[in-house]
Amino acid sequence: EEIGSQVALEHGQAMTVRVCKADGETVPVVVVQNASVLELKKALRRHFQLRQARQGGVQHLSWKYIWRTYHLTYAGEKLADDRKKLREYGIRNRDEVSFIKKLRK
């Protein structure tokens, strides 16, 4: 799967989106050119699962909790609609998306 995404990246069929975490770490995530917000979230989840499997750290993360507590933003705009394409938000190759903690209502 990782190799397939790297090949797609080389052929211009995919793009890298850098996701900035709250602790300042930047995570490169590869998604197809016409990916939706949901596909970005799934790719992010896959990235962390692979990394944890390699490092032998915590095996389970509650993604339900993460998406309830944080949202992704790009240029100050929340990526609220999972069905909307990243391109519709203006996200291009090597753009940065941030994890922002949701404010309590």
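The values are calculated or read from the model by the stated rules, or taken from the named source; none is laboratory data. Bear in mind that the values here come from a model prediction, so they are computed numbers and not experimental data. Note: ideal-geometry Cβ built from the backbone for every residue, glycine included; neighbour counts use all protein chains shown. In case anyone asks, the SASA skips ligands and DNA or RNA and just uses the protein heavy atoms, side chains included. Shrake-Rupley method; radii C 1.70, N 1.55, O 1.52, S 1.80 Å.
What to note about this one:
- Strands (runs of 3 or more DSSP E) wholly inside region 1-102 containing at least 3 residues that are out of contact with any Asp or Glu (no Cβ under 9 Å at 6 or more places or on another chain) and not hydrophobic (A, V, I, L, M, F, W, C): 70-74, 96-101
- Subset of region 42-67 (residues that are in contact (Cβ under 8 Å) with a residue 24 or more places away in the chain and either in contact with a Gly (Cβ under 6 Å, 6 or more places away or on another chain) or open to solvent by 60 Å² or more (accessible area, probe 1.4 Å) (or both)): ARG46, LEU50
- Region 78-97 residues that are in contact (Cβ under 8 Å) with a residue 60 or more places away in the chain and closer than 20 Å to ALA22 by Cα, paired with ones that are open to solvent by 50 Å² or more (accessible area, probe 1.4 Å) and β-branched (Val, Ile, Thr) (beta carbon under 6 Å, 6 or more apart): none
- Taking (1) in contact with a Lys or Arg (Cβ under 6 Å, 6 or more places away or on another chain); (2) over 25 Å from ILE3 (Cβ atoms); (3) loosely packed, with under 12 Cβ neighbours inside 10 Å in turn, LYS102 satisfies each apart from (1).
- Test result for THR26, within 15 Å of the chain's Cα centre (by Cα), open to solvent by less than 50 Å² (accessible area, probe 1.4 Å) and hydroxyl-bearing (Ser, Thr, Tyr): no
- Members of region 72-99 that are farther than 26 Å from LEU9 by Cβ and either open to solvent by less than 60 Å² (accessible area, probe 1.4 Å) or out of contact with any strand residue (DSSP E or B) (no Cβ under 6 Å at 6 or more places or on another chain) (or both): GLY76, ALA80
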